[in-house]
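> What follows is a structure written as structure tokens; I'll ask about it next.
The values are calculated or read from the model by the stated rules, or taken from the named source; none is laboratory data. Being a predicted model, the structure only gives us computed values, none of them experimental. In this analysis, Cβ positions are derived from the backbone assuming ideal geometry, glycine residues included, and neighbour counts consider all displayed protein chains.
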């Protein structure tokens, strides 16, 4: 289970004395614990287990927050903070399945558009649904959405 791996990593980071990794790992575990408590409050009569998919959602949310912070720091010309956020991003990404590259994602989307016979921007939900069902944990849906929009708008323009 993913939570056990994170706890094992925390123990390793503590032994190694890596303060930044310890801090981020504790933050991640606190977010997981918080989610567990909120789930327990919603389902008071039954025992609640935090699944790997819930943990991955928490990690994705944390990565998204760091990406937004990096953009802000870049615009403020604070390269030191950009590097810190990038390092945290990389550490969090270790717990997720390998993400598809932009090229792999674009090729995959082109194939899905072809398979689903999607022709216009109105078919975007159809393409995104297939993408989410088959590759939900392997792609960044923000990037995927932009690629789908671009490809479907190009289809409309070329028709």
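Quick grid of which residues meet (1) under 16 Å from residue 89 (Cα atoms); (2) touching a residue at least 60 places away in the same chain (Cβ under 8 Å); (3) in a loop (DSSP other than H, G, I, E, B):
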position: 10; (1), (2), (3): no, no, no
position: 14; (1), (2), (3): no, no, no
position: 22; (1), (2), (3): yes, no, no
position: 26; (1), (2), (3): yes, no, no
position: 29; (1), (2), (3): yes, no, no
position: 38; (1), (2), (3): no, no, no
position: 41; (1), (2), (3): no, no, no
position: 48; (1), (2), (3): no, no, yes
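> All but one of (1) more than 17 Å from residue 137 (Cβ to Cβ); (2) in contact with a helix residue (DSSP H, G or I) (Cβ under 9 Å, 6 or more places away or on another chain) hold for residue 56; which doesn't?
Residue 56 satisfies every listed condition except (1).
> Also, quick follow-up: So residue 106 ticks every box in (1) over 19 Å from residue 140 (Cβ atoms); (2) touching a residue at least 12 places away in the same chain (Cβ under 8 Å); (3) not assigned by TED's automatic domain parsing to the domain that holds residue 62 but one. Which box is left unticked?
(1)
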